[in-house]
Amino acid sequence: MCYQCCDWFKQHRPHLVEKRDSNGLNMEGAVDSDTSSITTEEPQTEAKPSSDQVTNTETDSISNTEDAATDNSQSDSGEFVVTMLAKAKLEEQGLGVKGRSSPLLEAGTQDMPAYMSHREEDVTAESWRQHRKHVFVLSEAGKPIYSRYGSEEALSSTMGVMMALVSFVQTSDNIIRSVYSDEHTVVFLQKGPLVLVCVSCTRQSEQQLRGELMYVYYQIISMLTQASISRIFEHKKNYDLRRLLAGSEKILDGLLNLVDSDPSFLLGAVHCLPLAASLRDSLSQILQKAITSNLVFSILIAKNQLLTIVQEKTVIEDARLEPADVHLLLNLIGASSAFQAGEIWTPICLPLFNPDCYFYAYISYLDPPECTVCLLLLSTDKEAFYAVAECKRKIEEAMTAQNSLSLIDKAQSYSVSQVGVSDLRHFMYKPFDVPDNYRQLSQFTSPEMEAPYSSEEEKTRLLDLYRYMHSRIHSTSRPLKLIYHVAEKETMLAWVTSKFELYTCFSPLVTKACAITAITKLLRWIKKEEDRLFIRYPPKYSTTPNPSKSSRSSKSDQQDSTDNGFLSLL
Amino acid sequence: MPEVSKLKKPDVKLVLLGDMNVGKTSLLHRYTERKFKDTVSTVGGAFFLKQWGPYNISIWDTAGREQFHGLGSMYCRGAAAIILTYDVTNWQSLVELEERFLSLTDTANHDCIYAVVGNKADLTDLTAQLPQTSDLGDQTKSEESQVLSACPTPPASPVSISGVLLRKQVTHDDAVALYGRILRYKCLDEKSTLPAEKMCFETSAKTGYNVDSLFETLFDLLLPSILRKRNENQESPTVDLEDCRTSGGKRGKASCC
């Protein structure tokens, strides 16, 4: 198991980049971002040592760990990796023995839902290494918490090496941010007691990958809250967090699949279902009327896209709902939809709104058995289930009266052909100047992906192109306003102004002048359709009798995180 | 569908408790939908309203994960029946019932009835591999689900390949003993309460073995509290318009789902 991380890191060794984080210096220069020429050689195969060799390396290196660990300047060649490996090995032994004897780990192992096939994946297999994007989460003590592919146990030594890298760089007051090789980018993110690592062979930028790791972190926070995670690790440094996250792997898996397939995450904006403004307004009014005390958000979702969102008045003044929080909510709904007839009541934290307290989410489908229209009501009161369920009955009644469900059923995403611009194949448009209220939720609009982007591979390819354009536009070292990029099978144009961010995809033979004209037409079309494409004036209601008792500042809500019972179990 | 479910007032509350992966959602799903399918880990708790003849029984299917432990007492508040579920192939799941879940029942009614249910019996007993009820048509599916349901068992036990039985880690006697301890915890007299033989079940959500009998037994036992509650409501001056409508429906045994 160990040789695998050994040669994996061997590949990455020459490009190890350490960046001083303390004073905000970004030593970007060392990074060669031009990855356009992807080499086809496979270093894994040639670098794979026989098992005998591995044992030798290990025993040799363990003996001189002491010297190596103190010698920080040693950064060159194989010795560095060997040192890391030895260090990890030692750590693993230390932890492993303790872990095995503890009942916590046993419980964790037994509880592992093993029916998820990719959890059983052979982590020594070549296919495991060939995944586009690996994501690992570990605790500061090096304990595995989550791996996207393969079981955490099987990967404990690999994670040990990662932790060793993190702590090795830390000893010289630096923070490891990334490691580059020809084929892979390894990005590290440290958040509180958690270390998140992404190993990607996509062309995504470090910044984008770190953003995705942030989503993973937020998803974990949304289930446990930041406060309880820090408290747990303060109590017990080597706590096995999987004990609390057991069963949530599917939620994290689902999030990572969404991150890979849905551009909402890249753009940091939500996608709402195009709907006639009058229908959207009437839905909002229905939500606005069905309220109970301590209700703070009412959200209506159809086909995994937002229909409308209504916020409590004092809450909206306090803060807006961040797109990332909406993404987490949508992912939760997607992951918990297996048994759709019931009404779900569950605590959830919205990390960007307040990372330390819980909301209580009521989730129910309005159109069983199809289950496409979902109502999500968020309350700050743990006991409010029956009151909130009553709101749902009112909403259901009003929607039946207005025949809303069949109207929603007709709503669908649009085709790019409706724009009426030839050569335009696809686009993503994110406005910054949403009218009326600058606190509005960031949104974007985008047509269906149609031929030639109907197959999964082609969709991924287009998204990869968009990610590339996005990384160029948002490059920290050389940000761009406009980029015209002639790719192999299409021509891309991305443009960012103070009012919007736009990514377009044209047929390959379009000229620059043509593309510019097309964009002018496209912008005019969006302007015309604005009311249908976006939630323009998000309505509000008032459910808190005393404005100072808004959920954000309320102490009693903070209490809830302590009340959730984990601490008693430590 | 929405018209039917709205305005219905639950008569009694039943709660499913137990460690994750013991099959609480599957049990309920087998009973209400007559099917066994791959479920995902429940988040928080899911509320169902089950129409049983003229009565409405609310059922809380709770998450077994520790993450949601804090909500347990809220789900159990005022419960008239609690099903404590374990996995017959996993000793720890029985232990968890006593350590983690029993204290949650403190908020339940004082006359709450308890059932101890060992699920996944099909993995250890040949008899449980045959459904008890006659109306199960998805035997064809069992081939693929065999693999699915066999996996969430502790890695220590032998893996079941179609037909091979797993070692039973929890016997019926263990469950009966636990039932006795529950009564003692509740300070209930063993003689005046329901006997353990009646309240300890072994079921299989996969084959349907004993599932109907579990729920129907409980509902029958709940009938007195349902009637008492309805009487209390009738004594109150409020007129429940809903009553006239539902009383028309005949008690067709479980045919309404």
Note, A:Y429: beta-carbon cut-off 11 Å, +1 each Lys/Arg, -1 each Asp/Glu, net 0
What average number of partner chain Cβ atoms lie no more than 10 Å from the Cβ of the residues making up A:358-371? 2
For A:F444, net neighbour charge (Lys/Arg +1, Asp/Glu -1) across residues whose Cβ lies under 10 Å away: 0
Put in order of increasing Cβ neighbours within 10 Å, starting from the fewest, A:K481, B:K35 give A:K481, B:K35
Please give the average number of partner chain Cβ atoms lying within 10 Å of the Cβ of each residue in B:58-68, rounded to a whole number. 5
What's the extension gain from A:E529 to A:S454 if we count 0.36 nm per residue and subtract their Cα-Cα distance? 24.5 nm
Counting other C-beta atoms within 10 Å, and keeping those with at most 15, which DSSP coil GluC sites (Glu not before Pro) do you find in segment A:247-353? none
Environment charge at A:I473 (Cβ cut-off 14 Å; Lys +1, Arg +1, Asp -1, Glu -1): +4
Non-local residues with an amide H under 5 Å from the amide H of A:S475, with H modelled 1.01 Å from N and Pro and chain starts lacking one, are A:L480
At 0.36 nm per residue, minus the direct Cα-Cα distance, what do A:E370 and A:T511 gain on full extension? Give it in nm, one decimal, please. 46.2 nm
Inside 10 Å of the C-beta atoms of B:71-82, what's the mean count of C-beta atoms belonging to other chains? 2
Take the Cβ-Cβ distance between B:V176 and B:L130 as r, set R0 to 25 Å, and report the resulting FRET efficiency rounded to the nearest 0.05. 0.55
Rank-order A:190-197, B:213-220 by packing density, defined as the average count of other C-beta atoms within 10 Å over each peptide's residues, highest first. A:190-197, B:213-220
Entries of A:K430/A:K521; A:K289/B:K13; B:K13/B:K186 with Cα pairs more than 25 Å apart: A:K289/B:K13
Please go through the residue pairs A:K303/A:K382; A:K313/B:K229; A:K410/A:K481 and name each one whose alpha carbons sit more than 32 Å apart in this structure. A:K313/B:K229; A:K410/A:K481
What does the C-alpha gyration tensor say about the overall shape of segment A:311-435? Classify as rounded when a/c is under 1.5, otherwise prolate if a/b is larger than b/c, or oblate. oblate
If you rank A:L533, A:L287 by fewest surrounding Cβ atoms within 10 Å, what's the result? A:L533, A:L287
Among B:76-88, A:392-404, A:141-153, how do they line up from the highest to the lowest mean number of other beta-carbon atoms within 10 Å? B:76-88, A:141-153, A:392-404
Largest to smallest principal axis extent of the C-alpha atoms in segment A:416-533, angstrom: 41, 38, 31
Among B:W60, B:W91, which comes first, second and so on when ranked by fewest other beta-carbon atoms within 10 Å? B:W91, B:W60
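Every read-out reported here was derived from the displayed coordinates using simple, explicitly stated rules and does not represent laboratory data. Bear in mind that the values here come from a model prediction, so they are computed numbers and not experimental data. Virtual Cβ from ideal backbone geometry, glycine too; neighbours counted across all protein chains shown.
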